Amino acid sequence: MHFHILTLFPEMIERGLKYSIIGRAVQNGYLTVHAVNIRDFTLDRHKKVDDYPYGGGAGMVMQAQPVYDAWESVIKKIGYRPRTIYLTPQAVVFHQRMAKEFAQDKNLIFLCGHYEGIDERVLEEIVTDYVSIGDYVLTGGELPAMVMADAIARMVPGVLTNEQSGCTESLEGNLLEYPQYSRPKEWNGKAVPDILLSGDHAKVDAWRREQSILRTMQRRPDLLAHAELTDKERKTYL
Ligand code: 6GU
């Protein structure tokens, strides 16, 4: 899978995606991260990429030309128009479902805006998907692009080991994960729940399932309406 990230801050992307599991996936050839500096495409002799908004108002707007030419440089390289995601709070909120769907593609372009946004005309020309990462405002699209790239990358086959992928399908069935414990058996006067030390896998699974449901009720009751529960679980917990 190839990520192409159009940005005014390519170092932020390059530095942000080189650690841990994503960094290793890049090293091992499962992923490439290609940060494209929009400023490299400006025709302005002062390297300017923004201008005042028509109609007035606060802030500056990123101009269409450098954004379009940066995008086109990627298209020419890969030979087709891939999904092009514009990171903006004026959009549907990113979800695990979308991470899975986007992970099916071979190439993805992320467009990171700054200032008061980007000239609408170039967005109409190139953007296929408008995506937000939550209902709050950030200063630019780079952090959202990295958040999405991380979530998408871990859905790409080979990026996670089988062991990792099996145990992290939190949110898949709209349930939160159960709590985890490791050594020692007692820490700070607190013991690990006995059942986890029992060696009875069926009991452990049942306990974890219950913990998932209880945790979802407590922390994300809004999810529970969409959770995949058995009739018996519905009777017991709802
Ligand atoms: Cl995608 N961009 C910006 N600038 N702010 C956000 C966002 C995106 N998602 C939530 N807030």
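Read the figures in this text as sums done on the coordinates, not as results from a lab. Everything quoted here is computed from the prediction, not taken from an experiment. Glycine also receives a Cβ, built like all others from the backbone with ideal geometry; neighbour counts cover every protein chain displayed.
With both labels modelled 7 Å from their Cα along Cα-to-Cβ, the Tyr130 to Gln65 distance reads 2.6 nm. Estimated from helical segments only, the mean residue ellipticity of the chain at 222 nm is -11000 deg cm²/dmol, where each DSSP H run of four or more residues counts as -39500 (n - 2.57). Subtracting the Cα-Cα distance of Ala225 and Glu101 from their residue separation scaled by 0.36 nm leaves 42.4 nm. Highest mean first, the peptides 78-87, 25-34 sorted by other C-beta atoms within 10 Å per residue fall in the order 78-87, 25-34.
Which of Val156, Val137 has the fewest other C-beta atoms within 10 Å, and how do the rest follow up to the most? If you can, show how the numbers build up before the last one.
Details: Val156 16, Val137 7.
Lowest count first: Val137, Val156.
Helix 142-153 and the long axis of the chain differ in direction by around 50°, with both axes built from C-alpha atoms. Rg over Rh for the chain works out to 1.08, both radii taken from alpha-carbon positions and Rh defined as the Kirkwood radius.
At a Förster radius of 25 Å, what calculated FRET efficiency corresponds to the Cβ-Cβ distance of Glu116 and Glu72, to the nearest 0.05? Intermediate values should be presented prior to the final figure.
Working: r = 24 Å, r/R0 = 0.95.
The formula returns an efficiency of 0.60 here.
Thinking of region 1-139 as a set of Cα atoms, what percent of all their pairs are more than 23 Å apart?
Details: 3442 of 9591 pairs.
Here the long-distance tail beyond 23 Å is 36 percent of all Cα pairs in region 1-139.
When region 79-238 is described by a simple charge dipole with +1 on each Lys and Arg Cβ and -1 on each Asp and Glu Cβ, the residue from Gln211, Leu123, Phe110 located farthest towards its positive end is Gln211.
Specify the angular offset, from 0 to 90 degrees and rounded to the nearest 10, of the alpha carbon long axis of helix 64-78 from the longest principal axis of the alpha carbons in the chain. Value to nearest ten degrees: 70. The label-point distance for Tyr30 and Ser198, in a model that sets each label 7 Å from Cα toward Cβ, rounds to 3.5 nm.
Taking 0.36 nm per residue of separation and subtracting the Cα-Cα distance, full extension of the segment from Thr161 to Lys48 would add 36.2 nm.
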